[in-house]
1. Between residue 77 and residues 5 or more places away or on another chain, which pairs have amide H atoms under 5 Å apart, with H built 1.01 Å from N, and which residues are they?
2. For each of 151, 1, count neighbouring Cβ atoms within 10 Å of the residue's Cβ, then give the residues from fewest to most.
3. As a footprinting exposure proxy, order 102, 82 by other Cβ within 10 Å, with the fewest listed first.
4. What FRET efficiency comes out for residue 3 versus residue 37 if R0 is 45 angstrom and r is the Cβ-Cβ distance? Round to the nearest 0.05.
5. Around residue 149, which amide H atoms from residues at least 5 apart in sequence, or from another chain, sit under 5 Å from its own amide H, with H modelled in the peptide plane?
6. Can you list which of the trypsin sites (Lys or Arg not before Pro) found in the stretch 44-93 are DSSP loop residues with at most 15 other C-beta atoms within 10 Å?
7. Specify the inter-centroid distance of the stretch 3-28 and the stretch 59-75, based on alpha-carbon positions, in whole Å.
8. Could you line up 146, 93 from fewest to most neighbouring Cβ atoms inside 10 Å?
Amino acid sequence: MDKNWYAVYTKPRLEKKIAETLSKMNFENYCPLNTAFRQPKERKKNIQEPLFSSYVFVKANENELFQIRSIDGIINFVYWLHKPVVISNEEISAIKNFLNEHNYARLEKSLITGNDKTKTTNGALMHIENDMSDTSKKVVKVLLPSLGYTMTAQVEKQNVKIIVNKPSVDHAAI
């Protein structure tokens, strides 16, 4: 049976522990960690914290979902239309590549309404096609449609090319 990536929703601040438990049970999993800057009292320090609050990704087949759901600390799978959301390998790879190349990543909830289909031609997100919600001189927002989030990456604009330019719709004319 084919295995897919799923997102499990965890109790707060248990993401790393859940990832460790899944590993001990021989489930391939991914808890994306982001470098964050904290300044408690008089010292400054960088820490590694989960990029997605209360989410861990796990690769499993449908027969293993009940076993995973029963792990202490997992609330449930992330659902869409009454089914656990399947996350594409490309999205997991894009997250991994993004975090390998960029510190202090930003993540925002998004309404998936990109205007242009683009392809990054250089850097961590190379060869990943995405609907882009915004491009500026050095910032590209990469949509993660199955998760409803946007990751922000600092890349040079010359490393991004538009491969399909969708015409904008003039709602006043309709």
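Quick note: the coordinates plus some simple rules give every number you see, no bench work behind them. A quick note: this is a predicted structure, and the numbers were derived from the prediction, not measured. Cβ atoms come from the backbone with ideal geometry, glycine included; neighbour counts cover every protein chain shown.
1. 9
2. Ordered from fewest to most neighbouring Cβ atoms within 10 Å, 151, 1 come out as 1, 151.
3. Ordered by Cβ neighbours within 10 Å, fewest first: 82, 102.
4. With R0 = 45 Å, the Cβ-Cβ based efficiency is 0.80.
5. Distant-sequence amide H within range of residue 149: 110, 144.
6. Working: sites: 44, 45, 59, 69; in loops: 44.
When the trypsin sites (Lys or Arg not before Pro) of the stretch 44-93 are filtered for loop state and at most 15 Cβ neighbours within 10 Å, 44 remain.
7. 9
8. Ascending Cβ contact count within 10 Å gives the list 93, 146.
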